[in-house]
Amino acid sequence: MNAVAFLFAIVLALVATVSAAKAPFPVPATYKVSNTHSATFGADGKLTVKSTIRCTRIPCHEAGGVGTWSYDAKADTMTVRMAINPSWSVAQTWTCPAKSRDMNVSVLGGCKLVSFSGAQADKAPLPANAPTWTRQ
């Protein structure tokens, strides 16, 4: 390995370490948050919500979609954001104080929706009654 490749590998390792510190669990990660919803948290801040709920109306805030997420280490909270349509955005802030101590943090417990904004943001992107998230 030449010096440039070695330096590049070190920089990539440092970036991965810094990025991982911005999440309460190793990312990317997919968690089943309820019987109907799962959420994939990307290392780049992308959030993908999948749902088994099918709607007859459009837009359907409960059907899942793509948004963003961020983590506030000081407050130990995660904020998820999603645009349901161009004029309807929702945001939720969650705390999940109980984390399993395994390498992948396979269970997040005691999860609570501590604040939300936007119409029906207590239902989307994630359902408010989701106290235990299990890694898939």
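The values are calculated or read from the model by the stated rules, or taken from the named source; none is laboratory data. Computed from a predicted structure; not experimentally measured. Every residue, glycine as well, gets a Cβ built from its backbone with ideal geometry; the counts of neighbours run over all protein chains shown. All accessible areas refer to the heavy atoms of the entire protein, side chains included, with ligands and DNA or RNA removed. Shrake-Rupley method; radii C 1.70, N 1.55, O 1.52, S 1.80 Å.
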Does region 59-136 come out rounded, prolate or oblate, given a ≥ b ≥ c as the square roots of the eigenvalues of its C-alpha gyration tensor, rounded meaning a/c under 1.5 and, failing that, prolate meaning a/b above b/c?
prolate
Nearby lysines by direct alpha-carbon distance to Lys46 (threshold 17 angstrom, same-chain neighbours under 8 apart not counted):
Lys22, Lys32
Label-point separation (nm) for Val114 and Thr134, each offset 7 Å from Cα along Cα-to-Cβ?
2.6 nm
Mean Cβ-within-10 Å packing, highest first, puts peptides 88-96, 44-52 in the order 88-96, 44-52
In Hz, Karplus ³J(HN,Hα) per residue of region 116-124 (6.51, -1.76, 1.60; θ = phi - 60°; x = Gly, Pro)
7, 9, x, 4, 6, 6, 7, 10, 8
In whole Hz, the Karplus estimates of ³J(HN,Hα) for region 86-101 (6.51, -1.76, 1.60; θ = phi - 60°; x where Gly or Pro) are x, 10, 9, 10, 10, 9, 9, 10, 10, 10, 10, x, 9, 10, 5, 9
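How charged is the neighbourhood of Trp133? Take every other residue with its Cβ under 15 Å from the Cβ of Trp133, and add Lys/Arg as +1 and Asp/Glu as -1.
On the way: positive: Lys32, Lys50, Lys99, Lys112, Arg135; negative: Asp76, Asp102.
That works out to +3.
If I compute solvent accessible area with a 1.4 Å probe over the protein chains, what percent of it on region 22-136 is carbon and sulfur? Don't skip to the end; give the middle numbers.
Numbers: 3360 of 6160 Å².
Carbon and sulfur together cover 54 percent of it.
Can you give the extra length, in nm with one decimal, that the chain gains between Arg101 and Arg57 once fully stretched, where that is 0.36 nm per residue apart less the Cα-Cα distance? Each step should come with its number before you reach the end.
On the way: separation 44, 0.36 × 44 = 15.84 nm, distance 4.18 nm.
Length gained, Arg101 through Arg57: 11.7 nm.
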What list of ³J(HN,Hα) couplings, whole Hz, do you get for region 110-115 from phi and the Karplus terms 6.51, -1.76, 1.60, once you set θ to phi - 60° and write x for glycine and proline?
x, 5, 9, 7, 8, 7
